[in-house]
4 protein chains.
Amino acid sequence: MPKFKHPDFTAPRFANARDARFEPAPADGVLPDGFFSTTNLPTYVRVNGRWLMPREPRMDAALVLNGQGELWAREGRRVNRGDRVAVGVREDGSEGIFVFAEAFLAHDPTALGGGEFRFMASDVSREKPIDYGVMARILIEERERGYPVWVCGPALVHSRARADMVWFIDNGFVGALLAGNAVAVHDIEASMYGTTLGMSGTGEATEGGHGLHMRAINRVRAAGSITQAVERGAVTNGIMHACVTRGVPFVLCGSIRDDGPLPDVYTDITAAQDAMRAHAVKATMAILIATALHAIATGNMLPAFVTEEDGALRELATICVDSSEFVVSKLKDRGTHQAFGVVTNAQDFMHILRLYVERELSARGLTKTAEIPAATWGAGGAR
Amino acid sequence: MPKFKHPDFTAPRFANARDARFEPAPADGVLPDGFFSTTNLPTYVRVNGRWLMPREPRMDAALVLNGQGELWAREGRRVNRGDRVAVGVREDGSEGIFVFAEAFLAHDPTALGGGEFRFMASDVSREKPIDYGVMARILIEERERGYPVWVCGPALVHSRARADMVWFIDNGFVGALLAGNAVAVHDIEASMYGTTLGMSGTGEATEGGHGLHMRAINRVRAAGSITQAVERGAVTNGIMHACVTRGVPFVLCGSIRDDGPLPDVYTDITAAQDAMRAHAVKATMAILIATALHAIATGNMLPAFVTEEDGALRELATICVDSSEFVVSKLKDRGTHQAFGVVTNAQDFMHILRLYVERELSARGLTKTAEIPAATWGAGGAR
Amino acid sequence: MPKFKHPDFTAPRFANARDARFEPAPADGVLPDGFFSTTNLPTYVRVNGRWLMPREPRMDAALVLNGQGELWAREGRRVNRGDRVAVGVREDGSEGIFVFAEAFLAHDPTALGGGEFRFMASDVSREKPIDYGVMARILIEERERGYPVWVCGPALVHSRARADMVWFIDNGFVGALLAGNAVAVHDIEASMYGTTLGMSGTGEATEGGHGLHMRAINRVRAAGSITQAVERGAVTNGIMHACVTRGVPFVLCGSIRDDGPLPDVYTDITAAQDAMRAHAVKATMAILIATALHAIATGNMLPAFVTEEDGALRELATICVDSSEFVVSKLKDRGTHQAFGVVTNAQDFMHILRLYVERELSARGLTKTAEIPAATWGAGGAR
Amino acid sequence: MPKFKHPDFTAPRFANARDARFEPAPADGVLPDGFFSTTNLPTYVRVNGRWLMPREPRMDAALVLNGQGELWAREGRRVNRGDRVAVGVREDGSEGIFVFAEAFLAHDPTALGGGEFRFMASDVSREKPIDYGVMARILIEERERGYPVWVCGPALVHSRARADMVWFIDNGFVGALLAGNAVAVHDIEASMYGTTLGMSGTGEATEGGHGLHMRAINRVRAAGSITQAVERGAVTNGIMHACVTRGVPFVLCGSIRDDGPLPDVYTDITAAQDAMRAHAVKATMAILIATALHAIATGNMLPAFVTEEDGALRELATICVDSSEFVVSKLKDRGTHQAFGVVTNAQDFMHILRLYVERELSARGLTKTAEIPAATWGAGGAR
């Protein structure tokens, strides 16, 4: 365990400090306005020119000076009317209270940037707010001037986010779609049979359901490609259908867990990387949803910045959505430090992001570039 | 490891079976329509009156009969044009193919109810769809005829779901609110300072932020109660404000991690249980959001059913929302089997649920019972 | 919400029931021995020949009959000395108490197999015990008679489980190792530089660390293959070194996030699947550690059973280790229902499994097939 | 999105820089030794006195200068023999390569302390190694000189960690045990019936199991207290039994989800806090296992430091064990920044920690203060 010495109170910064100020508690269990709220770090309070440490230190307490000149950390509820309570907000000694943060926080730079005692300092947390408004505005701007790359995992198709993804494609928000075989397989199974892995849009298992994704793959293999399956009417809705009919490029990268795979899938992963990279070098924004593998693959290929026409640099907006903090942290741990983490369900993310984009488009008087009917798949299955 | 004998193929159910049917693959890597898609269970195929097991069994494969009368499990991509592939969907032997599921699945009842090989059979999963439409309809019905009890954790206040919760209270959807000290503390900190645990509505830490929740508590303690703090104008918006002004009963149950606590908190947990139970006995619906402790406490107190006026029984709708499958499974593991799990972020859940309720109200021509302005707290802080 | 009618109490099974038995509480807050402990399901108690439902039903309560002949569900702590409390354990009506489980649990087969109110019924949970003794015995048996296939993710190398994995290879417990590029890259980085992704064995970042995995890959590419790198002395310890020196076959399957890749990696995923499958068809046990992708890929290829020499079938022991319930549930949701889930840290799993195997070998008087020195990498870095 | 200007290359630090050095690739797909490995940040390379940015920037690539004087970021596998590749390790411009890290990382202090591009920089991750050796040494030292406080959640009793916890109590490593009602209830159910929540030590549900914890509570209530139940022989093994017989103080804090509760439980949470705090003020080490609520409660009460006899300060060793990163991050987000997170299963943590403590005791020639038989509960149930 690291050890520390007390601060040197003969140093100039302390020499000019004044004694701490104390005020009486106005009632039992009630602290005076402006009371000093403790941290759990070593704390020194100047009383009659001497720097005292409180007894029984803890965070979220008040500092009470008793009649014997002893200083105690005390929970507010245990303070009695008239007790002398330290007041002040500054922790640098200038008001007679010094919190010795540097030494203790210095060796823990990631947790507490800036060497200050703080709450809610973690980088990625489901407890942090999600600003959909900002994301919607960035996405609309990147539709105008840039090339937003979407990278999606199959959870997007398992759930009803599929209809929302179609909406984003139809309305021009998708520069390119990077995904794996499973995304396309589930999406096409949904179009053909109204299920994903045999599960209906309401979450029920269907009879014989375990074979449906294999039947979907087989029909596309028979057609020769996804585009041909769309053209022949074998695939009539969904994400892949939208990409084909809207001319949005997609790259399907193979992985060893693939069933089939579909004929469009790059089975050689270096070829797949080259195909992805052709889009990554153009990307001005990346939206990574519900996929660790593809998100990290894309993050590896992306610069953290975009060079603007006038030569200025701006951060490449990178949004990573996952149900757990882990995937976002893992992405950052592999160098994609610029990723903004959204810890939520992919279905809900898509639904709310679309809502905010629609509102923002309305507010800007922008017409959507296309209209699509309400979700064609979901509770009722594909049609 | 459990051991099993082969089925007795002299039994009547097998005696009348016919030989399996085989059809040629129409092209390399393409299976005939109606191909049999394998499981990973012992499988027997009737060929010339004998029941053969395929070699190299695996799931998601086809069954190919070669020229030597051998049967192989083969991935579709490895099948050549003209190969003889088993066709059929039934797994009970009647079409000459029998999947020996019972023995293997019998000792694993939870995973595969009904003794059938299935995908997506798990009980709670972020991959399952969330039917907000159904939840909205139930909630509107329970507003009419019942008593929906909401049980909330502090994540609801950390994020912007706070404004949505206020909307549900204002519009009569909350029969009672059961929560802990932290929910009220964060909510009141947000009203007073625009922060929760010192974090702004956009997720930034604020200077001196670590003491703000203590200042909020102190001001309510000085006022005497939350109601008095509202009446004196010290709390001007938010969840507790809405409960007080709308007359919605709330129970704040203490826990050992509480700061303060606020004066309204039941510090004795048996008294808290009695206060909660007074609402649980009236509950006709329970919505448990982002809290393991309070959700399990409430689940323990709730019957799984409601007795209707005509004496019929209906299931007591119980929705449990959490970022991870674990809390929902834990709730079920403690007896609240009727809980429907929603694995998502609390903020997003509230936002979409409200959206669906608003749509459903519109569709039914129902006027909202109240109007509230757009989110009073969030990006901009409280005012 | 589903609705139900009350049971038909004129049915024979109820006709012969007797009245429930009641006994006085021996003290305030103390129930008589053998008290009936409630569930949250509709419950009927025979009192004077009539079947009554208790008021204010809940689980974990007692049933108290008051002086007015009313029946109440009451928490034990609220029962007073002398209160008449229902006793009995059976829930089928034969002792005068009937729990109406069927109707309510019928539509929830996965949660409560067997139609009985139960706690701890979930399939996969970190709260379930892990029987390392059983796993150790199976592993030793499969070393003798079978072909245990190990499928590992990179977490195994990030942490000190690397030394334990080497031990299992050295001692003959690994029939084949299936993994991805990252496992080999991290392992070889550890051998060459004492780091993984630039993190030391004690979790510290090292200067220039972000490039070390690229340097490791480059050196193996320069050597031509992992085997040649071992032979030239460029790789002197670790998992890949052990595979090469012990002649244990390995298959490294490429994925799109691969750096490099190493020259041994199958970059074509259908070729990779074929290579994996050559081991899967021989597998008699599968140990899947800290990898969703490879675990599902392997699960897809494995039958759920092994055919013994005498033709009998036994379950193919499949152990899936992950930090979260999600991966195990996902694997089961994709058909590998036989998987036994262990929710823990991969490093700790390896360490304890090895310990139990060592103990079991001792108990059986088996000599280890090899001796290795204590962990060659970990706190101290590679040597 | 934040915007940045290019560095000012007329500044002195750049004026003296030399041109970057390039070396030919020795073979196709093989880079020269000492190649510069890219990050995803803006990078400038000095070529003929001019600072060029590479085209198609990405991380983990090499920098190749082609015949036209253009600089490209290229994956190693795409480099051809003879290509001119930049070499160097320093990123500060002194070797002609400058990585513009400050601007981009400045506003992201938590992710990348020190303004350097790094991998594995996150604070809490299951991918980080766990140093049981260090923890064992600290624990042994604190047994000698200090007061280790253990704070445990019920997962410790659900699993076989119970026997290990008894070992730590018996051997003097537990200064005080702080827990909730559930820990004691499960532990005593295990002693009386061999189950926890009706689940056997091997994870099987038992008939009538859902009532067993209520029967256990009732028997202790009848005895009057846990101590009396131990003295009367109603509780014959386990954690609470060890505390009673070894004289280790315990504090059981009530919560609203409590069944019963047991007679020893503090039902008033302010009284519970005062009882906990009496131990917190003496604590020199804290071990927080599998409990968010109690861990945060304890963290709130603990200083981050211990004052030694000579007046020096040392960090108060605080270990937080949980299955997910979330609990540890939450604890840190509430001010307990000094917590060292161990992301693993509680059962495995206990088992390995004990193993390392036993080894360290042996190495130091210390006799254990007590001997206990092998696990008295687990596979075989209580005896």
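The values are calculated or read from the model by the stated rules, or taken from the named source; none is laboratory data. Computed from a predicted model, the values in this text were never measured in an experiment. Glycine also receives a Cβ, built like all others from the backbone with ideal geometry; neighbour counts cover every protein chain displayed. SASA here: full protein model, heavy atoms, side chains in, ligands and nucleic acids out. Shrake-Rupley method; radii C 1.70, N 1.55, O 1.52, S 1.80 Å.
Quick rundown of the values:
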| read-out | value |
| --- | --- |
| Failed criterion for A:M53 (all others in (1) within 10 Å of another protein chain (Cβ to nearest Cβ); (2) open to solvent by 60 Å² or more (accessible area, probe 1.4 Å) hold) | (2) |
| Residues located in segment A:251-274, provided they are more than 7 Å from every other protein chain (Cβ to nearest Cβ), under 25 Å from A:H337 (Cα atoms) and open to solvent by less than 10 Å² (accessible area, probe 1.4 Å) | A:V251 |
| Index of the failed condition, A:D60 passing every other in (1) more than 30 Å from D:E141 (Cβ to Cβ); (2) within 14 Å of chain B (Cβ to nearest Cβ); (3) part of a loop (DSSP other than H, G, I, E, B) | (1) |
| Top-ranked residue of segment B:142-168 - restricted to ones that are open to solvent by 20 Å² or more (accessible area, probe 1.4 Å) and either within 14 Å of chain A (Cβ to nearest Cβ) or closer than 17 Å to B:G194 by Cβ (or both), ranked as modelled with the highest pLDDT | B:V166 |
| Failed item, numbered, when A:I130 is tested on (1) modelled with pLDDT under 90; (2) under 29 Å from D:K282 (Cβ atoms); (3) of a type in the set (A, V, I, L, M, F, W, C) | (2) |
| Residue selected from segment D:294-326 under the condition in contact (Cβ under 8 Å) with a residue 24 or more places away in the chain and under 19 Å from B:S324 (Cα atoms), by the criterion nearest to the chain's Cα centre (by Cα) | D:V321 |
| Check on D:R118, open to solvent by 10 Å² or more (accessible area, probe 1.4 Å), modelled with pLDDT of 90 or more, within 22 Å of A:L316 (Cβ to Cβ) and within 14 Å of chain A (Cβ to nearest Cβ) | no |
| Meets criteria (in contact with a helix residue (DSSP H, G or I) (Cβ under 7 Å, 6 or more places away or on another chain) and either open to solvent by 10 Å² or more (accessible area, probe 1.4 Å) or within 16 Å of D:V174 (Cα to Cα) (or both)) for D:A317 | yes |
| Selected residue [out of contact with any Cys (no Cβ under 7 Å at 6 or more places or on another chain), farther than 23 Å from D:N300 by Cβ and surrounded by 24 or more Cβ atoms within 10 Å (Cβ to Cβ)] from B:V220, B:V248, B:V235 | B:V235 |
| B:S329 being at the interface with another protein chain (Cβ under 10 Å from one of its Cβ atoms), in a helix (DSSP H, G or I) and touching a residue at least 24 places away in the same chain (Cβ under 8 Å) | yes |
| Some residue of segment B:155-168 being without any contact (Cβ under 8 Å) to a residue 60 or more places away in the chain and touching a Pro at 6+ places or on another chain (Cβ under 6 Å) | no |
| Members of segment A:206-226 found to be out of contact with any Ser or Thr (no Cβ under 8 Å at 6 or more places or on another chain) and of a type in the set (K, R), listed by number | A:R219, A:R221 |
| Flag if B:G208 is touching a helix residue (DSSP H, G or I) at 6+ places or on another chain (Cβ under 7 Å), facing chain A (nearest Cβ under 9 Å) and surrounded by fewer than 24 Cβ atoms within 10 Å (Cβ to Cβ) | no |
| Restricting segment A:169-195 to residues that are of a type in the set (S, T, Y) and open to solvent by 10 Å² or more (accessible area, probe 1.4 Å), the residue that is farthest from the other protein chains (Cβ to nearest Cβ) | A:S191 |
| Tally, over segment D:1-39, of residues that are under 38 Å from the mean Cα position of the chain (by Cα) and either assigned to a loop (DSSP other than H, G, I, E, B) or in contact (Cβ under 8 Å) with a residue 60 or more places away in the chain (or both) | 9 |
| Test: residue in segment D:275-293 that is open to solvent by less than 20 Å² (accessible area, probe 1.4 Å), more than 26 Å from the chain's Cα centre (by Cα), within 14 Å of chain B (Cβ to nearest Cβ) and modelled with pLDDT of 95 or more | yes |
| Segment D:242-271, residues that are within 26 Å of B:D333 (Cβ to Cβ) and in a helix (DSSP H, G or I) | D:I269 |
| Selected residue [acidic (D, E) and touching a helix residue (DSSP H, G or I) at 6+ places or on another chain (Cβ under 8 Å)] from A:D83, A:D28, A:D60, A:D19 | A:D60 |
| Scope segment B:184-232; condition closer than 21 Å to A:R77 by Cα, modelled with pLDDT of 95 or more and not in a helix (DSSP H, G or I); matching residues | B:G224, B:S225 |
| When residues of segment B:61-100 are limited to those that are among the aromatic types (F, W, Y) and open to solvent by 20 Å² or more (accessible area, probe 1.4 Å), the one farthest from the chain's Cα centre (by Cα) | B:W72 |
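Residue by residue, here is whether (1) more than 14 Å from chain D (Cβ to nearest Cβ); (2) open to solvent by less than 60 Å² (accessible area, probe 1.4 Å); (3) under 19 Å from C:D92 (Cβ atoms) holds:
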{"site": "C:K3", "(1), (2), (3)": "yes, no, no"}
{"site": "C:N16", "(1), (2), (3)": "yes, no, yes"}
{"site": "C:D19", "(1), (2), (3)": "yes, yes, yes"}
{"site": "C:V30", "(1), (2), (3)": "no, yes, no"}
{"site": "C:G34", "(1), (2), (3)": "no, yes, yes"}
{"site": "C:L41", "(1), (2), (3)": "no, yes, yes"}
{"site": "C:V45", "(1), (2), (3)": "yes, yes, yes"}
{"site": "C:G49", "(1), (2), (3)": "yes, yes, yes"}
